[in-house]
Amino acid sequence: MKMKRVGAMLATSLACIAGMVMFTHSRYWYLPSKCQLGLDLDGEAGFQIKMAKQVWLQSAGLRFFAEGQWHGTSGKNATMNQVSRQHYMSSDELGNFSCVNISWSVATRQSVLIHTSFKTYLESCMVILIQEIPQGVQGTNASKAVMPKDGHQLEEGAHPPILSFPSFAVEELENLGFLTWKGVFAKAIYGKGPKGVAQHLAGLSSNGPVLLFNRAFNTLVVSPLDNFKSAVHTFSADANAWETGVSSEIQSLPKGFYHRTLIMAGVGITQAMDEYGQTIRKVYSTKRPLQRKDPVVNYLSYWTDNGAYYYGDQWKEAGGGGSECNETSMTRVAQALQRQDLLKAVRIWQLDDWWYPGHPAVWVYCVENWTLIPPAFNKSLKELSAVLGKPWLLYVPFFCPSNVYMKQFKFLHGSHGATAFTVPYPDDALAFYRMLFDYGMANGMSGFEHDFLNFNFLAVPHFRQNLGASAHWLQAMDQAATERALALQFCMALPSDLMQSLEFGSTTNYRASGDYASSENFDIGASSLLGYALQLRPSKDNLWTHRPEQAAASGKPWGPHQNPGSNCELNLLIATLSTGPVGVADQAGDSNATLLLRSIRSDGLILQPDKPATSIDASFTMALEPSGRKLQGHIWGTYAEVDVIPAQLPWHYVLSIDVKVPWQLQVDDFYPPLAMTGGARGWVARRWHAAHRPTACLDGQLAVKSGCLLGPSAVAEADLPRILNDRPVMVANDTHQFDLLQLSPVLENGWVLLGELGKYVSVSRKRFPRMTVTPEGLSVEALGGRNEEIQIVALQPKNPSRRIMEWTIHEKTVRFDASQIVVEFRAGM
């Protein structure tokens, strides 16, 4: 790396190799010309982060805990003294940057040297703030977590950082909204103002990105760039400050310690998260190579998770025994799927927390031995996999304190009392998971799910107190999986688990919803925004496609007032739009093939969009609006891009749930925003459902007049449709009203591809990878299973004007004699 030296640099400083800084009076002022982000740094090392010259973040006090006491820059603990300041210019993988490095001497027994640095990027709207302790330090554990008496509860880790840099005064947040992710399933939390921020800065439980935004959708992202498992966002009541850094539960910091915090600016919440994701993935060279191959996220699967018809805990049959969740029930499911011609579509079979021997721990059974046992299972995993004709997705929550592997490997203890469990010791973890995965794959496993990641960190003192220990454990699991091309799902993950996976090649998806047997089983729109940024597929838990009569009558395995069996189509639709698993969990013989075929090709490939469906930006900014648009319910957006040679064009999909007050769509409700200028021919809108069936678009009819489309092309924002969930509930035990809206681009010749109208994602890259606009119409490439038959719909314009008012419907039925065919649409054909 080339470096231009602008000032003297301490030999022990590693903080930055960097930058261009302008000196004005006693301040260093930096403002990139291409964005509204500014950094104002004064001579006392105080700073302001500005958006459009307005202060959004004002620095709070710098403090540091070492050798058993707090140190600061003022007051009775004023033992930190600024000793030097240097300026640098250079470049790295993120571009050209300038840097100011400030060094501090801390009066401890051995005198600790600290560097705090500000890296500002000249072509990007971002600043990276760095804290460094080159020689390391001992006695940093200012805080000690007191574990709850009830081992089913967790201590969130809302303790101050060892070194509070950067830290921010919360008063400046009064007129700003916020969005962050917190706790199990990385649940999205959003609101307004300093009280809301302070309430949800929960230390180790909320240490992913925090977004700040105003009514104009100007957005700041504040996120750790290192030490994800030990990083904290914490509110300090004493200082009335939002503090960031590394948790003061950590007992010591090693030589060469550094920690970075990224601050990025953007316009639009979804767009800012997309740009943030591209940046942080670039830092870690994140690839996710197994995502395209993982059957869990690409094909139909069968599941036995909490809420599934065959879930052993609900039948009181966990620990490997029972009369319902057993070998016979699994074979009956396969036989029934075969009769429905669905078995070939199911590519992997999940076994959850009930099939192996163990005993109760935190909510579920710990693993004593990862094997099937009689009387429920008389075949081995390998033998049963062969009978079903499907590979396994196998599951681990944690291991029992007396598991069979303890003679060979070392384990750490977590939780306490009746909920005690163990987790492989980090230094033994790589050898352990190599052994476990080799055993699983020899017995039919092709995917692995690790559950209870929140407990496997927050309930394990060793992981909380030792920097890098939890990351080392996860890295070992990933390395063993990556070596074997074994895809992993993270379940009950914290935001820090998802952030840590930026380093991993094996993690393809994570659970974004609560269990199907819960009221929070489908609300993943806001949580999925973090998964989208990190290139992880969000997972909505397994689902039923129909509620069997005997379940409704008997209440077994789930009672009539519990979720399983209700809102079947909504759950399937959300799973499809999530880009994650579509996991069927029906009773044998009770799958609704009609519904399932709205989601998949005949070979089981899920016809998905390119982006997970995520909450529109207005969902978050409503708290800032004293009047105006108020969204009641949920609206999520996604898109699928197709190569329309020589460019790429998006087909947008909008899912609305329980929207009881009309919502007028605007350009900013879509991502990427709808193009309404620059020669765009506009968009056409189709409501997917008419009652409980797909809206009809019949060959030869007029599209607008027949109701196939909602109206003429939308060429201005005022032409966009409004959303109101007035379609009645169609099934007796459903509790939510919903709609799916498809917006298709009007192509340069006025034609429109509506696609395969019986599928939720009618135009998906997995069905239609590319097309060509011809003078006479369209030439569409289509992908499918051999002998699969589908219907494709395109629209021919009736008039050539800027705003097209009507089209003629063209429907073609095609059969795949090869995996790829070309379908021509022309006038008169």
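The values are calculated or read from the model by the stated rules, or taken from the named source; none is laboratory data. Nothing here was measured: the structure is a model prediction, and the numbers come from that model. Cβ placement follows ideal geometry from the backbone for every residue including glycine, while neighbour counts extend to all protein chains displayed. Calculation scope for accessible area: heavy atoms of the full protein, side chains included, ligands and nucleic acids excluded. Shrake-Rupley method; radii C 1.70, N 1.55, O 1.52, S 1.80 Å.
Projecting the Cα atoms of GLY414, THR371, LEU453 onto the charge dipole of region 337-489, computed from C-beta unit charges around the Cα centre, puts THR371 farthest toward the positive end.
Amide H contacts of PHE411: TYR425, each under 5 Å away and 5 or more positions distant or on a separate chain (H built 1.01 Å from N in the peptide plane; Pro and chain starts excluded). Taken about its Cα centre, region 718-775 carries a charge dipole of roughly 340 debye when the Cβ of each Lys and Arg holds +1 and the Cβ of each Asp and Glu holds -1.
The lysines within cross-link reach of LYS382, meaning a Cα-to-Cα straight distance under 17 Å and a gap of 8 or more places when in the same chain, are LYS390.
Toward the positive end of the charge dipole of the chain, about the Cα centre and with charges on Cβ (Lys, Arg +1; Asp, Glu -1), which of PRO134, HIS652, ALA336 goes farthest? Toward the positive end, the furthest listed residue is PRO134.
Overall, the anisotropy analysis places region 248-371 in the oblate class: the square-rooted eigenvalues a ≥ b ≥ c of its C-alpha gyration tensor yield a/c not less than 1.5, with a/b not exceeding b/c.
The listed residues GLU449, GLU625, GLU549, once ranked by accessible area (1.4 Å probe) with the largest placed first, stand as GLU549, GLU625, GLU449. Here LYS316 is the anchor, and the aspartates and glutamates within straight C-alpha reach of less than 15 Å, apart from those fewer than 8 places off in the same chain, are ASP305, GLU324, ASP352, ASP353.
For region 707-718, 3J(HN,Hα) computed residue by residue from phi via the Karplus equation (6.51, -1.76, 1.60; θ = phi - 60°) reads x, 4, 10, 7, x, x, 5, 8, 10, 9, 4, 5 Hz, glycine and proline entered as x.
Spread over its residues, the convex hull of the C-alpha atoms of region 376-477 is 112 Å³ per residue.
The order of the peptides 238-249, 409-420 by mean Cβ neighbours within 10 Å, most packed first, is 238-249, 409-420. Which of the three applies to region 125-198, rounded, prolate or oblate, going by the alpha-carbon gyration tensor with a ≥ b ≥ c and a/c under 1.5 meaning rounded? Judged from the Cα gyration tensor, region 125-198 comes out oblate (a/c at least 1.5, b/c at or above a/b). Sorting the segments 80-90, 495-505 by their mean number of nearby beta carbons within 10 angstrom, highest to lowest, gives 495-505, 80-90. Couplings 3J(HN,Hα) for region 467-474, derived from phi with the Karplus relation 6.51 cos²θ - 1.76 cosθ + 1.60 (θ = phi - 60°), are 4, x, 5, 5, 4, 4, 4, 5 Hz, where x marks Gly and Pro. Per residue, the convex hull spanned by the Cα atoms of the chain amounts to 168 cubic angstrom. Within a straight-line Cα-Cα reach of under 19 Å, LYS410 can be paired with the following aspartates and glutamates, leaving aside sequence neighbours fewer than 8 residues apart in one chain: GLU368, ASP427, ASP428, ASP438, ASP478. Taken over the C-alpha atoms, region 317-443 has Rg and Dmax values of 15.9, 49 angstrom.
Distant-in-sequence amide contacts of SER513, defined by a placed amide H-H separation under 5 Å and a gap of 5 or more residues or a different chain, comprise SER539, ASP541. Listed values for region 57-70 are Karplus-derived 3J(HN,Hα) couplings in whole Hz (6.51 cos²θ - 1.76 cosθ + 1.60, θ = phi - 60°), namely 9, 10, 4, 9, x, 8, 9, 8, 10, 7, 6, x, 8, 7, and x replaces Gly and Pro. Accessible surface comparison of THR594, THR286, probe 1.4 Å, protein chains only, largest first: the order is THR594, THR286. Neighbours of ILE657 by Cβ distance under 9 Å: Lys/Arg scored +1, Asp/Glu scored -1, total -3.
With a cut-off of 20 Å on the backbone N, the residues of region 411-428 near the modelled label site 7 Å out from ILE373 along Cα-Cβ are 418-423.
Rounded to whole Å, the principal axis extents of the Cα atoms in region 222-298 read 49, 34, 24, largest first.
A 1.4 Å probe, protein heavy atoms only, puts the accessible area of TYR439 near 80 Å².
Annotation for region 209-223 versus region 278-337: alpha-carbon center distance of 36 Å. Based on DSSP H segments of at least four residues, each scored -39500 (n - 2.57), the chain has a per-residue ellipticity at 222 nm of -4000 deg cm²/dmol. Let me know the shape class of region 101-247, please: from the alpha-carbon gyration tensor, a ≥ b ≥ c as square roots of the eigenvalues, rounded when a/c is under 1.5, otherwise prolate if a/b is greater than b/c, or oblate. Since a/c reaches 1.5 but b/c is at least a/b, the shape of region 101-247 is classed as oblate. Checking the cross-link pairs LYS182/LYS540; LYS195/LYS229; LYS540/LYS611; LYS287/LYS611 against a 20 Å limit on the alpha carbon distance flags LYS195/LYS229 as lying beyond it.
Amide H contacts of VAL582: SER301, each under 5 Å away and 5 or more positions distant or on a separate chain (H built 1.01 Å from N in the peptide plane; Pro and chain starts excluded).
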